[in-house]
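Here is the structure we will look at.
Values in this text are rule-based calculations from the coordinates and carry no lab data. Because the structure is a prediction, the values reported are computed rather than measured. Because the Cβ atoms are built from the backbone with ideal geometry, glycine has one as well, and the counts that use them run over all protein chains shown.
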Amino acid sequence: MKKRVTLTFPKRLVHQPITYRLAKDFNVAANIFRAEVAPNQVGKLLVELSGDIDQLEDAIVWLQEQDIGVSQTSREIKIDEDICVHCGLCTGVCPTGALSLHPDSFKLMFARSRCIVCEQCIPTCPVQAISTNL
Ligand code: SF4
Ligand code: SF4
């Protein structure tokens, strides 16, 4: 089972080896898609957790016991097809291949199921066609 979550770390936990503990204690793999962690500041990680459903639930409870905020985002990427000019710039930064250009028509294609809402595509769009629903 996989869950995409945003983890919010209090200042004192920013340098803890959280992903190591998840793997070692719960057999849960944490694939980090985006990290915003600066010294002496609250840190945020957008991660995909994968593992057995029970161990995943236990891992989330453990994270919460460490004062780490766990939120399962319902945030989604929106692409305004009336604005998009199919330049393909956004496809170059998409880490999952959710954005691509059709090989024949060269039109932008968006595979929502592959999108992990890392938001890296948003600032690359020259015509501001990409946004989120929240
Ligand atoms: S937010 Fe944009 S760059 Fe990130 S995975 Fe989704 S489509 Fe790709
Ligand atoms: S960068 Fe913007 S205009 Fe270019 S293909 Fe992506 S969404 Fe369309």
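Ordered from longest to shortest, the equivalent ellipsoid semi-axes for the chain are 33, 16, 12 Å, each the square root of 5 times a Cα gyration tensor eigenvalue. Measuring from each cysteine beta-carbon in the chain, the ones with no other cysteine beta-carbon under 4.7 angstrom are Cys84, Cys87, Cys94, Cys115, Cys118, Cys125. Please work out the FRET efficiency for the pair Leu89 and Asn133, using the Cβ-Cβ distance as r and a Förster radius of 22 Å; give the result to the nearest 0.05. Given R0 = 22 Å and the Cβ-Cβ separation, E is 0.55.
Exposed loop positions in the chain were taken to be trypsin sites (Lys or Arg not before Pro) whose DSSP state is not H, G, I, E or B and which have at most 16 other beta-carbon atoms within 10 angstrom. Between these positions, the longest stretch is 1-74. Taking 0.36 nm per residue of sequence separation and removing the Cα-Cα distance, the His102/Thr8 pair yields an extension gain of 30.1 nm.
Angle of helix 53-65 to the longest C-alpha principal axis of the chain, folded into 0 to 90 degrees and rounded to 10: 70°. Taking the Cα centre of each part, how many Å lie between the range 81-108 and the range 1-59? Distance between centres, Cα-based: 30 Å. Exceedance of the 19 Å cut-off in Cα-Cα distance is limited, within the set Lys24/Lys44; Lys3/Lys107; Lys2/Lys24; Lys2/Lys78, to Lys24/Lys44; Lys3/Lys107; Lys2/Lys78. Each Lys and Arg adds +1 at its Cβ and each Asp and Glu adds -1 at its Cβ; summed about the Cα centre, the range 2-71 shows a dipole of about 360 debye. Simple spin-label estimate for Asp25 and Gln120 gives 3.0 nm between the two label positions (7 Å along the Cα-to-Cβ direction from each Cα).
Farthest towards the positive end of the charge dipole of the range 26-134, among the residues Ser113, Val47, Val70, is the Cα of Ser113, using unit charges on the Cβ of Lys, Arg, Asp and Glu.
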